[in-house]
Amino acid sequence: MIHSVDRPNIAIVVQKVESKFEKQTQLLKLAGSLKGPGIIYFSSKRLAERYAYEIAEHHGLRTAFYHGDMSGEDRVTIQQQFIQNQLHLICATSAFGMGVDKGDVRFIIHFHMPGDLEAYLQEIGRAGRDGAPSIAILLYADGDEAIQLQLQDRDLPEEELVYLSSALTEQLPITERRFLEFYRELGLTPERIKEKIQFRKRWKRENLFTLLNFIKGITCRRRFVHNYFEEVAKDDIVSKCCDICGVNLSDFEGENEAIEVQQGWQEYLDYLLR
Ligand SMILES: [Zn+2]
């Protein structure tokens, strides 16, 4: 069983926006007003790059992007710069965060919803490890789940592919190939593998809809999480709990400290944000 790891110092906020345009405007506003360091999560590599650039331009913040298509060397550099307080914020895909040990991350923004509640909690749990007040804001526009549904389907092979020969299977994208090869090695028939695909799809979809219920919910968000994980809520009163209980965003706003430019770093950033 996965524990939700309730972190009372992280305020949980969902902001509903009416359109994509409003979401962009809201993101730029938050990035400029919240006190960093912060991480902004996107489900698209392209958007992570684009907003890293736009936020740097708009607010003069030291910003970088991070995703799985970058070289290992670039990724380590960005990660280190972030840990050593040489960046105000990171625009990243879910590839960012594992093994990033930084205590003073003050905010997490989700530009896109993750695939399930566990992933969401894991990502917001990267804020406030030092115990100081921090905030997680998820921006949601009606229909956002469609992006996740697409991503989920992309990771699983089409049902008809269970009949593919081994030679042709090798040409499939890695996640689909691994899925088929795993069950073939276990000796499952194509029909049984088909059932596995259907099961996985249903399972992923149910998890996505749990997160959607959380987002659209009208009860305390912390209570929702406790109920989901069948945990008993601690009696401590959480003063900055969630948007349903009432959170003052201004408590998390503030000027970001200037970051001294290191030799060669600006050139490197220019190169990344080219
Ligand atoms: Zn609450």
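The values are calculated or read from the model by the stated rules, or taken from the named source; none is laboratory data. Nothing here was measured: the structure is a model prediction, and the numbers come from that model. No Cβ is skipped: glycine too gets one built from the backbone with ideal geometry, and neighbour counts run over all protein chains shown. For accessibility, only protein heavy atoms count, side chains too; no ligands or nucleic acids. Shrake-Rupley method; radii C 1.70, N 1.55, O 1.52, S 1.80 Å.
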Between 0 and 90 degrees, rounded to the nearest ten: what's the tilt of helix 190-216 against the longest Cα principal axis of the chain?
20 degrees
Any chance you could run the full-extension gain for residue 9 through residue 122? It's 0.36 nm times the residue separation minus the Cα-Cα distance, nm to one decimal.
39.2 nm
The extension gain from residue 98 to residue 248, computed as 0.36 nm times the residue separation minus the Cα-Cα distance, is 51.0 nm
Nearest-0.05 FRET efficiency for residue 219 and residue 239 at R0 = 25 Å, using Cβ-Cβ distance, is 0.85
What is the helix-to-structure angle for 145-155, meaning the angle in degrees between its Cα long axis and the longest Cα principal axis of the chain, kept from 0 to 90 and rounded to the nearest 10?
50 degrees
What is the Cα coordinate range of segment 147-205 on the first, second and third principal axes, sorted by size from largest, in whole angstrom?
31, 22, 16
Please say if segment 148-252 is rounded, prolate or oblate, where rounded means a/c under 1.5 for a ≥ b ≥ c the square roots of the C-alpha gyration tensor eigenvalues, and otherwise the choice is prolate for a/b larger than b/c and oblate otherwise?
prolate
Calculate the translational D of segment 97-186 in whole µm² s⁻¹ from Stokes-Einstein, where the hydrodynamic radius comes from the Kirkwood formula applied to all Cα pairs, the temperature is 10 °C and the viscosity 1.306 mPa s.
99 µm²/s
Could you look at the chain and say what percent of its accessible area is carbon and sulfur, using a 1.4 Å probe and all protein chains?
50 percent
Cα Rg, Dmax, segment 1-148, angstrom units:
14.3, 44
Normalised convex hull volume, the chain, alpha-carbon set, Å³ per residue
149 Å³
Tell me the relative contact order for the chain as a rounded percent, counting alpha carbon contacts under 8 Å between residues six or more apart.
26 percent
For the residue 33, residue 163 Cβ pair and Förster radius 35 Å, calculated FRET efficiency rounded to 0.05 is 0.05
Env charge @ residue 92, Cβ radius under 11 Å, K,R +1 / D,E -1, value +1
With Cα atoms, 0 to 90° folded angle of helix 20-33 axis to the chain main axis
40 degrees
Please figure out what share of the DSSP beta bridges in the chain is antiparallel and state it in percent, rounded to the nearest 5.
5 percent
Counting only protein heavy atoms and rolling a 1.4 Å probe, one gets per residue an accessible area for segment 147-205 in Å² of 69 Å²
